[in-house]
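The values are calculated or read from the model by the stated rules, or taken from the named source; none is laboratory data. Predicted, not measured: the structure shown is a model, and the values here were computed from it. Heads up: the accessible areas ignore ligands, DNA and RNA and are worked out on the full protein's heavy atoms, side chains in. Shrake-Rupley method; radii C 1.70, N 1.55, O 1.52, S 1.80 Å.
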Amino acid sequence: RDTRITSSHLKRNPLNPSEGKPIPTTYQNDQWDAMFGRLVEFKALHGHSMVPQNYTGDRQLELWVNAQCENWKDLFPEQLRRLEQLGFSWIPITNPSETWDAMFDRLVKYRLAHGN
């Protein structure tokens, strides 16, 4: 089976159509799915999907989560949807001991500064 991506598999980036960056319309990535499964397990254990930077419990998961945040424009729409449904945090947590109140304070400051 030929697995090369051809121009018939590409479309404009749905996140930024004016960018004109062609992306595949479908994905099949067992490694991404496996890491997503580990994130689902993390959420079941911790009650959230905010894997902190420098997380010693699963360094590979921590690196994968950071890569999703940094490279979100390269994700397929289906991957974005799955992460969003899981409650994925697109802002990395740099301090694992940061409390809910501290995060809420950060949110309030962001909203005041940016209006959304």
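I need the phi-derived Karplus couplings for the stretch 69-75: 6.51 cos²θ - 1.76 cosθ + 1.60, θ = phi - 60°, integer Hz, Gly and Pro marked x.
5, 6, 10, 4, 5, 8, 7
Rank these by accessible area, largest first, 1.4 Å probe: 49, 89.
Result of the area sort, largest leading: 89, 49.
In whole Hz, what ³J(HN,Hα) sequence does the stretch 55-63 give by Karplus (6.51, -1.76, 1.60; θ = phi - 60°), x for Gly and Pro?
6, 8, x, 7, 4, 5, 5, 4, 5
Using a 1.4 angstrom probe on the protein heavy atoms only, could you order 50, 35 from most to least accessible area?
Descending accessible area places them as 50, 35.
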